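Peer 1: Below you will find the structure I want to go over with you.
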Amino acid sequence: MIKVVIFDYDGVIVDSFSNVHGVYQTICKELNKRCPKSIDKFRKIYGFHFKECYQNLGIAPNEYEKAQEIFKREILKKNPKLFPGIKKVIHELSKKYDLVLVSANYKQEVFQKLNKFGLATFFTAILARKNVTDADHVGKSQMIMDFIKKRNLAPEEIVSIGDRDIDYVVGQKAGLKHIILVEYGWGYHKETNPHQSMDVNKPVDLLKAIKTLESEI
């Protein structure tokens, strides 16, 4: 029986990739690096996670903390849009499941935008980074494991929703059995994630996907 649905933030709830691209243009300008002006070219170099993006942009390890400080400062200025239909999906799922948000983004950013959209109250827990020195995506697995332990849950009682290859890896590291990757987000590679038998092309498809998982348990 599924009891908890874990949402990623960027690429699942908010359509934020263009905003992130804009933030990286500012990062590169301040660090004297070159960032592709084309969002499609930027998407190709973003890679598995932001540290791979740093490497592709020529940002040195001793510049990482400065880059993250700029990111935190600039992302709070952005105004991402909700993916069409995601608010209704969150509302519907909250009637049956506990909803939890786990993000590698900053907690201040996540709270700010969820409050703006009137969504914060639908989540029983919002887990995200607090400081630039906090753990990154590797830390998301630990956040999930800590939550499972605190709530005394079994991994099979949780569904995790992400949009990128790393979200699948994070879920696996946390021991989760049910991981859904959406098609409409930042993008993942189907050839390296053949586990998924259902397509989630738009947020409303999540309702059917989770219902299908329930019937298979």
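The values are calculated or read from the model by the stated rules, or taken from the named source; none is laboratory data. Just so it is clear, the structure is predicted and the values come from calculations on it, not from any experiment. Backbone-built Cβ (ideal geometry, glycine too); neighbour counts: all protein chains shown.
Peer 1: Out of Asn105, Asn79, which single residue is part of a loop (DSSP other than H, G, I, E, B) and among the polar types (S, T, N, Q)?
Peer 2: Asn79
Peer 1: Something else about it: Within segment 29-63, restricting attention to residues that are in contact (Cβ under 8 Å) with a residue 24 or more places away in the chain and assigned to a loop (DSSP other than H, G, I, E, B), which residue is nearest to Asp10 (Cα to Cα)?
Peer 2: His49
Peer 1: Return a yes/no flag: does segment 76-89 have any residue that is within 21 Å of Ile126 (Cα to Cα), loosely packed, with under 15 Cβ neighbours inside 10 Å, without any contact (Cβ under 8 Å) to a residue 24 or more places away in the chain and out of contact with any helix residue (DSSP H, G or I) (no Cβ under 9 Å at 6 or more places or on another chain).
Peer 2: No - not one qualifying residue is present in segment 76-89.
Peer 1: Next up: Which condition number does Phe50 fail, the rest of (1) among the aromatic types (Phe, Trp, Tyr); (2) modelled with pLDDT of 95 or more; (3) not assigned by TED's automatic domain parsing to the domain that holds Gly139 being met?
Peer 2: Of the numbered conditions (1) among the aromatic types (Phe, Trp, Tyr); (2) modelled with pLDDT of 95 or more; (3) not assigned by TED's automatic domain parsing to the domain that holds Gly139, the odd one out for Phe50 is (2).
A quick yes/no check of all residues on (1) closer than 20 Å to Asp167 by Cβ; (2) modelled with pLDDT of 95 or more:
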| residue | (1), (2) |
| --- | --- |
| Val12 | yes, yes |
| Leu31 | no, yes |
| Cys35 | no, yes |
| Asp40 | no, no |
| Lys44 | yes, no |
| Glu65 | no, no |
| Glu74 | no, yes |
